[in-house]
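The values are calculated or read from the model by the stated rules, or taken from the named source; none is laboratory data. This structure is a prediction, so every number in the text was calculated from the model and none was measured. With ideal geometry, Cβ positions are generated from the backbone for all residues, glycine too; neighbour counts draw on all protein chains shown. Side chains included, ligands, DNA and RNA excluded: accessible areas come from the protein's heavy atoms. Shrake-Rupley method; radii C 1.70, N 1.55, O 1.52, S 1.80 Å.
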Amino acid sequence: MKFGMIVTARSGAQWLDAVRTAEKQGYRTILLPDTMYTPSPLPMLAAAAAVTESARLRPNVLAAPLRHSAALVRDVAALQLLSDGRFELGIGVGRPDAASEAERLGMPWGSARQRREQLFEAVAAVRAAVDPTPEIVVAASGPRMLSAAAEIADRILLATQPVATETELAEMVRIVRENTDRDIRFTHQLVGIGDHLPFWLGKQGLTADGLRHAGAAALLPEDPRAAADLLEYRREKYGIDELVVLDELAAAFAPVLDRCTSQVADR
């Protein structure tokens, strides 16, 4: 298993300290969301590149319709240079509520088909012009987007709702595998561990008991052994070999991370 951390930036000094700490703790990838309500991820990841040695760096995820492909290529090339090839391009067609962000940026917000075409164009431009080509991580949820991602992604972020079940994860993986013969791997994001949930889920009225009752796959058991065994099962069965953890959950997740690390060391 590989692990990534979404790090929240509260100040410049705190951000740099947090990414260094995440790398030392064993997180392979540092991630930042791309919204109009959070710092722009590309300059933040450039700063992270300067103070880390091995951590991968990934926006989670850029909305292709909000960027011109030529400008994206230039930014990705700069990040690959600064990070010595550690940048990963997390990209998608934009969250359902991103139309208002496009309006604020003065960018057109097309139909779902048009936005998928913009995604294909952006990925093709990066592959053609950036050396080394970064890993392309495409966020996808519905059948059409999963099928599209199967054509162009190196890795797919399964962009599920917090209450999505393991059966739903399995169906998403099935759709991808039916649309490609390449060995695409998958990423999933943790929404909670035991009774520990991030603040934003509470604001939506969700509880740990409610998520357990719904069979939410992204809520892990608090017992480190049980959680590690479940992650290993999903890695082997579905190819979900990366878990993304919010920094808000890092303390609760630490025993699981230690367990997974020790299992690898014992092999």
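Out of all the residues in the stretch 40-91, which are in a loop (DSSP other than H, G, I, E, B) and more than 15 Å from Leu105 (Cα to Cα)? Spell out how you get there, then give the answer.
Residues of the stretch 40-91 in a loop (DSSP other than H, G, I, E, B): 40, 52-55, 60-61, 67-68, 84-86.
Thr52, Glu53, Ser54, Ala55, Asn60, Val61, Asp84, Gly85, Arg86 - these are the residues of the stretch 40-91 that are in a loop (DSSP other than H, G, I, E, B) and more than 15 Å from Leu105 (Cα to Cα).
Kindly indicate whether any position in the stretch 48-55 is touching a residue at least 40 places away in the same chain (Cβ under 8 Å), open to solvent by less than 20 Å² (accessible area, probe 1.4 Å), hydroxyl-bearing (Ser, Thr, Tyr) and over 26 Å from Glu117 (Cα atoms). No, there is no match, as no residue in the stretch 48-55 is touching a residue at least 40 places away in the same chain (Cβ under 8 Å), open to solvent by less than 20 Å² (accessible area, probe 1.4 Å), hydroxyl-bearing (Ser, Thr, Tyr) and over 26 Å from Glu117 (Cα atoms). Every test in (1) farther than 30 Å from Gly106 by Cβ; (2) in contact with a helix residue (DSSP H, G or I) (Cβ under 6 Å, 6 or more places away or on another chain); (3) crowded, with 23+ Cβ neighbours inside 10 Å is passed by Met1 save one, and that test is (3). In the stretch 143-179, of all residues being open to solvent by 30 Å² or more (accessible area, probe 1.4 Å) and either assigned to a loop (DSSP other than H, G, I, E, B) or modelled with pLDDT under 95 (or both), the one that is farthest from Arg113 (Cα to Cα) corresponds to Val163. Among the residues of the stretch 122-154, those that are among the charged types (D, E, K, R) and under 15 Å from the mean Cα position of the chain (by Cα) comprise Glu135, Asp154. Residue count for the stretch 224-253 satisfying the condition of being under 30 Å from Arg10 (Cα atoms) and within 19 Å of the chain's Cα centre (by Cα): 11.
Being of a type in the set (D, E, K, R) and at pLDDT 95 or above is the filter; apply it to the stretch 68-96 and report the residue that is nearest to the chain's Cα centre (by Cα). So the residue we want is Glu88.
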